[in-house]
1. Return the pairs, sorted by first residue and then second, in which the second residue is among the charged types (D, E, K, R) and not in a loop (DSSP other than H, G, I, E, B), the first residue lies in the range 168-184 and is touching a residue at least 60 places away in the same chain (Cβ under 8 Å), the beta carbons are less than 7 Å apart, and the residues are 6+ apart or on different chains.
2. Here are some residues: Leu182, Leu203, Leu159. Which one is assigned by TED's automatic domain parsing to the domain that holds Leu129 and within 18 Å of Thr123 (Cα to Cα)?
3. Is it true that Arg108 is at pLDDT below 95, touching a Phe, Trp or Tyr at 6+ places or on another chain (Cβ under 9 Å) and not aliphatic (A, V, I, L, M)?
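The values are calculated or read from the model by the stated rules, or taken from the named source; none is laboratory data. Every value quoted in this text rests on a predicted model; they were computed, and no experiment measured them. Counting neighbours? That spans all protein chains shown, and the Cβs are built from the backbone with ideal geometry, glycine included.
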Amino acid sequence: MWGASILAVAGVAVAVLLILAVRLWKVLHSWAFESRVSVRLLVVAGSGGHTTEILRLLEKLSDGYSPRHYIIADTDELSVKKIKSFEQSRDRDPSTQFSKYFIHRIPRSREVKQPWMSTVLTTLYSTWLSFPLICRVKPDLVLCNGPGTCVPICISALLLGILGIKKVIIVYVESICRVENLSLSGKILFHLSDFFIVQWPALKEKYPKSVYLGRIV
């Protein structure tokens, strides 16, 4: 009788150990899989300070955000130089998937001092050309910080989700120079982005739904 009880207890113990071993293997396997998964990142760069700020933010991201697709205005040559210099400074093995980056161009949605009435038409035109690009890239995450170019890109990314093609996370980081008021792009994308980040407490007070993380660029 005692022998049968001991065998039963031993059997239960072995079963529990097997279950724990299988569970541990699944957890480790999951971690290993997640460590290999990369995030397809689309970054909207703008002329001048916008590109400088967004590249400073990218410095803090891991290699898991790859490949990186940069969107710039078709006349913005300065951003091209900054992006190439930034990517070369990362000094990574070009044979790895994490070093891949691409630069795409779209028409500006608004030129400096362009009348507001015509801006509507140029933004629609830019969106029309942006959507096929977004469909081709299929980003997991769109990261932008205020240039006008980001509006048609984010609208196109939203359309992917609306059409059931793919859910794209949109993260908008308001420029550090915006202390008390949002930029025009910020006012538009505040209602469309998944995460809206501000860098000054005054903006957090005005827009409670925003995320305040202090200065991040």
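1. Ser175/Glu53; Ile176/Glu53
2. Answer to the selection: Leu159.
3. So Arg108 does not fit the description; no.
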